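*Asks:* My questions all concern the structure below.
The values are calculated or read from the model by the stated rules, or taken from the named source; none is laboratory data. Computed from a prediction, not measured in an experiment: that's the story for all the values here. Glycine gets a Cβ as well: all are built from the backbone with ideal geometry, and neighbour counts include every protein chain shown.
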């Protein structure tokens, strides 16, 4: 295979069921579209059902819409129950939805909005659907992170909800770092089962609605330089699609654009920040996430291969 991985490399997806969160627009829409065009049965899990239906109407293939508000644990539980009733198996769970640089707000359950949506919402959804993935050989959980996981990013276990102070950028960075830590810890827990793998991806700098909350002083110059600094959503979705479908993918890997600075380009395996590989913090974050969401995974924390080994393509992780 060529070193350039494109949409044309997506294998046939007939017979596979894919759940894509935030699939009515941007990266999620493009991810869902390409999977459906390759034959997958795709569920668009979206907060706005009407927009989801409009998106489904623009996709060729077997597509349905599921209401899902990641800012509400009640909605997440309801959506998971609906998906479980409709599907006895799930091949792909793609945790794509997210918010970025929002003003200080909380979810329906009192979580800081970015951490609650980007991490805790997807943590809960994954835990509630995992038993539909575990029996399926080659099934995958793909969680979308960001280069923002390196920017002012740390897991503030003493103030996860930013009650003492608030920074839009730092809160976003924490949520995206949490996405990676969740993926790496999940992979360790999945490894003994030998069927499902956890993989992460990031889109580089893509031209989507995610940046709508970026402060105007930043957004204005970026808009002028957009042709040089960003890529279209269909390119930004390729790392997620490669993580989800490339037969050579290993559990615990992280995919992003292959260009300079991982800003643009075709997808390749990349390495995340040193902080993201801290297993002690990963495990503490996992425990806190179970406590906050009330969702307990049917997995033990006894895997052997480290995420850092997987990023370097060593060790013996399970292939999906």
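*Asks:* I need a count of the residues in the stretch 34-54 that are closer than 23 Å to residue 132 by Cβ and in contact with a strand residue (DSSP E or B) (Cβ under 9 Å, 6 or more places away or on another chain). If you could, list the steps in order and put the result at the bottom.
*Replies:* Looking only at the stretch 34-54, we keep the residues that are closer than 23 Å to residue 132 by Cβ, and these are 34-36, 38-47, 49, 52.
Of the ones still in play, those that are also in contact with a strand residue (DSSP E or B) (Cβ under 9 Å, 6 or more places away or on another chain) are 35-36, 40-47, 49, 52.
Of the residues in the stretch 34-54, 12 are closer than 23 Å to residue 132 by Cβ and in contact with a strand residue (DSSP E or B) (Cβ under 9 Å, 6 or more places away or on another chain).
*Asks:* Looking at the structure I just gave you, is residue 205 surrounded by 24 or more Cβ atoms within 10 Å (Cβ to Cβ) and touching a residue at least 40 places away in the same chain (Cβ under 8 Å)?
*Replies:* No.
The rows are residues; the columns are (1) crowded, with 18+ Cβ neighbours inside 10 Å; (2) at pLDDT 95 or above; (3) assigned to a helix (DSSP H, G or I).
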residue	(1), (2), (3)
271	no, yes, no
276	yes, yes, yes
281	yes, yes, yes
287	no, yes, yes
292	yes, yes, yes
298	no, no, no
301	no, no, no
305	yes, no, no
315	no, no, no
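*Asks:* Give the stretch 12-26 a look and list any residue that's farther than 12 Å from residue 244 by Cβ and out of contact with any strand residue (DSSP E or B) (no Cβ under 6 Å at 6 or more places or on another chain), or say none.
*Replies:* Passing the criteria: 12, 14, 15, 22, 25, 26.
*Asks:* Show the residue pairs meeting these rules: Cβ distance below 6 Å; 6+ apart or different chains; first residue within the stretch 92-110 and surrounded by fewer than 20 Cβ atoms within 10 Å (Cβ to Cβ); second residue in a loop (DSSP other than H, G, I, E, B).
*Replies:* As it stands, the answer is 101/214; 104/166; 108/71; 108/72, since those pairs meet every condition given.
*Asks:* Which residue is modelled with the lowest pLDDT, if the candidates are limited to the stretch 110-151 and must be in a loop (DSSP other than H, G, I, E, B) and under 23 Å from residue 236 (Cα atoms)?
*Replies:* Top of the filtered list is 151.
*Asks:* Check whether at least one residue in the stretch 98-109 is under 18 Å from the mean Cα position of the chain (by Cα), farther than 29 Å from residue 195 by Cβ and at pLDDT below 95, and report yes or no.
*Replies:* The answer is no; no qualifying residue exists.
*Asks:* Right, something else. Write out, first by first residue and then by second, each pair whose Cβ atoms fall under 7 Å of each other, whose residues are 6+ apart or on separate chains, and whose first residue, in the stretch 128-154, is without any contact (Cβ under 8 Å) to a residue 12 or more places away in the chain and on the phi > 0 side of the Ramachandran plot while the second is crowded, with 18+ Cβ neighbours inside 10 Å and in a helix (DSSP H, G or I).
*Replies:* Taking only residues 6 or more apart or on different chains, not a single pair turns up.
*Asks:* Of all the residues that make up the stretch 49-74, how many are under 28 Å from residue 106 (Cβ atoms), touching a helix residue (DSSP H, G or I) at 6+ places or on another chain (Cβ under 9 Å) and free of Cβ contacts under 8 Å to residues at least 40 places away in the same chain?
*Replies:* Qualifying residue count, the stretch 49-74: 5.
*Asks:* Still on this model: Which one of these is at positive phi, surrounded by 15 or more Cβ atoms within 10 Å (Cβ to Cβ) and modelled with pLDDT of 95 or more: 252, 265? Break it down stepwise before answering.
*Replies:* On the way: 265 fails: modelled with pLDDT of 95 or more.
Of 252, 265, the one residue that is at positive phi, surrounded by 15 or more Cβ atoms within 10 Å (Cβ to Cβ) and modelled with pLDDT of 95 or more is 252.
*Asks:* Which ones in the stretch 194-211 are assigned to a helix (DSSP H, G or I) and either within 30 Å of residue 135 (Cα to Cα) or modelled with pLDDT of 50 or more (or both)?
*Replies:* Scanning the stretch 194-211 gives a single hit, 209.
*Asks:* Looking for whichever is surrounded by 15 or more Cβ atoms within 10 Å (Cβ to Cβ) and over 27 Å from residue 195 (Cα atoms) here; the options are 47, 77, 33, 58. Which one fits?
*Replies:* Residue meeting the stated conditions: 47.
*Asks:* Any residue at all in the stretch 180-193 that's in a loop (DSSP other than H, G, I, E, B), out of contact with any helix residue (DSSP H, G or I) (no Cβ under 6 Å at 6 or more places or on another chain) and in contact (Cβ under 8 Å) with a residue 60 or more places away in the chain?
*Replies:* no
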